[in-house]
Structure formats: C-alpha cells, structure tokens
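The next block holds one structure in the form of structure tokens; read it before the comments.
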Amino acid sequence: MPAEPTSAEETAPQEYTVDELAARAQMTVRNVRAYAGRGLIEAPRLAGRTGYYNREHLQRLQLIRQLLERGFTLAAIEKAIQSTPQGAAAHTLDLMAILDLPEADEAEIMPRDDLAALAGVARDSTLVDSLVEVGLVETLEGDRVRLVEPAVVRAGAAAVTMGLRPETVIGLFPTLQHHLRAITDTFVRDVAAELIQPFVDAGFPEDQWEHIIALVDGLLPIASQVTLGVFRSEFRQSIDAEIGEQITGLAARRPEGGVA
C-alpha cells in the first residue's frame, strides 16, 4: 500500500497530538502508545502535559503499518527499525511506493457473463472457481468478479478463442508463476548482494538513498524486458522443435515409394 503523504499533508501542521497522529497513521491511539513504549518511535515534544509528534513520527508509524500489512512480525520490524537511522522511514516509504505502483492494467470488475464472453464460452461456475484458485480472479457480491490480473486473463481468454481448452490455459498459469518466481528470486538476490548490501553495510548513507530508489525503479522495466526477450527466443525454438517433430512423424508414417 503506497505511503499516504500528499500535497494536502504537506500544507498540514507539522506537529500532531497523539489522536491526530493515530488518525493520520490509520492506527489506534493504543497502538501508537504501544509502539512508543517499545521504542519504535521517538518520544514526543512535551508542552505541559501534552505530547506533540512530528512528520518523522508519522512516517515511522506508516512504515510499521505497511510492514505489518506485508506479513512481517512486529519483532522483525522492531529489529529492522532499530538498526536503521531515524530518517530512513521516509525513504523506505518512497521505495515501497515504487513497488506498489499499480500496473497499467489495474484490476477490473465485470459480470460473470462478460468474463465468459471474453473467451467465447458459456458461463461456467467451475471456470470461475479455477480462476479464483490460481489467484487471477476474485468473486464479489452479486454476480460480479474482479480480474486481479486483467492482462493475463484477457490473454488467456484470447488463447481459448483460438481453440485451446480453458482448463489447459488456466493450468499453464501456475507453471509460469513457479518458474518466473525462481527467475525473479535469483535476480533479486544478485541485485541485493551486489548493489543493496554495500549500501546497508555503509549504514544507509543519506546521500545514497536517491540513487538506491532510482536503481530499484529502473530495474523493474529492465527485468521485464529481459524476461520477455528470453521467453520470445525460447518460444521460437520450441515451435521450431515441435515443427521438426511433426515433420519427422509425418515422414515416418508415409509409405515408401508412394503417397500417403
């Protein structure tokens, strides 16, 4: 989920009471106090008996919330935050915003009949269930569905209109997902080891954050282009191999000295 700071926030007061801070961070006051008690945010500025929190407190809480939403445990978040500089929260939120940017094909909502029409098949609840199982579609109230990956669903529907069985097309998705995950894991490990780890070892230098964020932003399209290019090359070779096998098979079935 992208960070909340917006132009409206930039004009808002730079200090907040605990209630205002909790509202902006989308947390309860109880959680804010609990995180403060664990040392995850700095103590507020006191004016009498009232504590005032600033933008760094807000960014730190936003970071905590986003990490929790990503499935990290509070213990892991605590260790990570306490080992990084106070100002790193804002930069980390910028980095997460890049990773969370919606693709050009945002999720689409449509009736079930329209989903079936995409592939030129009759409405079938089993088909929808299969798409839900592989994470391509979500069911909504009433008679509607959400296409989580519209480009993938539409491409698959086009393949079905060409004559492939829906079950065959849907069955390809887990295979693609499995192999692409192995590729991306290897790529990310190499990038982290060669480019990110030196930055971490240096103590997250403030003057290098902009470079790191630009690096991640630039690697996403590069990785996509390389993957697509390799896939196209391998796809052509697979087609060539299949054509060769078909020709060999036809030749083997052809009677000697005659026409099949």
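Here are some notes:
- Annotation: per residue accessible area for the chain equals 65 Å², rounded to a whole number [probe 1.4 Å, protein chains only].
- Among Val191, Thr248, Ile213 the positive-end extreme of the charge dipole of the range 132-260 (Cβ point charges): Thr248
- Of all accessible heavy-atom area on the range 189-233, the percent that carbon and sulfur account for (1.4 Å): 60
- What the pair-distance distribution of the range 118-260 shows, using all Cα-Cα distances binned every 5 Å from zero, is 2, 7, 11, 13, 12, 11, 11, 10, 8, 6, 4, 2, 1, 1, 1, 0 percent.
- Environment charge of Gly171, counting only residues whose C-beta is closer than 12 Å and scoring Lys/Arg +1, Asp/Glu -1: -1
- Excluding the site residues themselves, the longest part of the chain lacking any GluC sites (Glu not before Pro) in a DSSP loop with at most 16 other Cβ atoms within 10 Å is 142-255.
- Computed over the range 17-71, Cα set: Rg, Dmax in Å: 10.7, 38
- For the range 157-199, diffusion coefficient by Stokes-Einstein and Kirkwood Rh (Cα), 37 °C, 0.692 mPa s, µm²/s: 260
- Here the chain is assigned +1 on the Cβ of each Lys and Arg and -1 on the Cβ of each Asp and Glu. Its dipole about the Cα centre then comes out at about 580 debye.
- Among Thr248, Thr184, Thr168, the residue with the largest mean-square fluctuation in a Gaussian network model of the chain, with springs joining Cα atoms closer than 10 Å, is Thr248.
- Per-residue ellipticity at 222 nm, computed for the chain from helices alone with -39500 (n - 2.57) per DSSP H run of at least four residues, works out to -20000 deg cm²/dmol.
- Fully extended contour minus Cα-Cα distance, from Glu133 to Leu250, at 0.36 nm per residue: 38.2 nm
- For the range 14-30, backbone phi angles converted through the Karplus equation (6.51, -1.76, 1.60; θ = phi - 60°) give residue-by-residue couplings of 7, 10, 9, 6, 5, 5, 5, 4, 4, 5, 5, 7, 6, 10, 8, 4, 4 Hz, Gly and Pro being listed as x.
- Normalised by the number of residues in the chain, the average gap of Cα pairs under 8 Å and 6 or more apart makes the relative contact order 14 percent.
- Available extension along the chain between Leu195 and Met162 is 7.4 nm, counting 0.36 nm per residue and deducting the alpha carbon span.
- GNM flexibility winner over the chain from Ala117, Ala47, Ala223 (Cα, springs under 10 Å): Ala47
- Contact order normalised by residue count of the range 136-240, Cα under 8 Å, 6+ apart, percent: 10
- Given charges at beta-carbon only (K, R positive; D, E negative), |dipole| of the range 127-206 in Debye: 360
- The Cβ shell under 13 Å around Thr139 holds other residues with a net charge of -2, Lys and Arg each +1, Asp and Glu each -1.
- Dipole size of the range 129-176 about its Cα centre, with +1 on Lys/Arg Cβ and -1 on Asp/Glu Cβ: approximately 220 debye, rounded to the nearest 20.
- Here the Karplus curve 6.51 cos²θ - 1.76 cosθ + 1.60, taken at θ = phi - 60°, turns the phi angles of the range 173-185 into couplings of 4, x, 5, 4, 4, 5, 6, 5, 5, 5, 5, 5, 4 Hz, with x standing for Gly and Pro.
- 5 angstrom amide H check on Val137, placed H, neighbours 5+ away: Val132, Val148
- Shown is the FRET efficiency for Arg236 and Ala80, computed with R0 = 51 Å from the Cβ-Cβ distance and rounded to the nearest 0.05: 0.70.
- Simple spin-label estimate for Arg38 and Leu172 gives 4.5 nm between the two label positions (7 Å along the Cα-to-Cβ direction from each Cα).
- Under 5 Å from the amide H of Tyr52 lie the amide H atoms of Arg45, Leu46, Ala47, each residue being 5 or more positions distant or on a separate chain, with H modelled from the backbone and absent for Pro and chain starts.
- GNM on the chain, alpha-carbon springs under 10 angstrom: the most fluctuating residue among Gly229, Gly249, Gly37 is Gly249.
The values are calculated or read from the model by the stated rules, or taken from the named source; none is laboratory data. Since we're looking at a predicted model, the values are computed, not measured. Quick reminder, even Gly has a Cβ in these numbers, built from the backbone with ideal geometry, and neighbours come from all protein chains shown. Just so you know, the surface numbers come from the protein's heavy atoms only, side chains and all, with ligands and any DNA or RNA stripped out. Shrake-Rupley method; radii C 1.70, N 1.55, O 1.52, S 1.80 Å.
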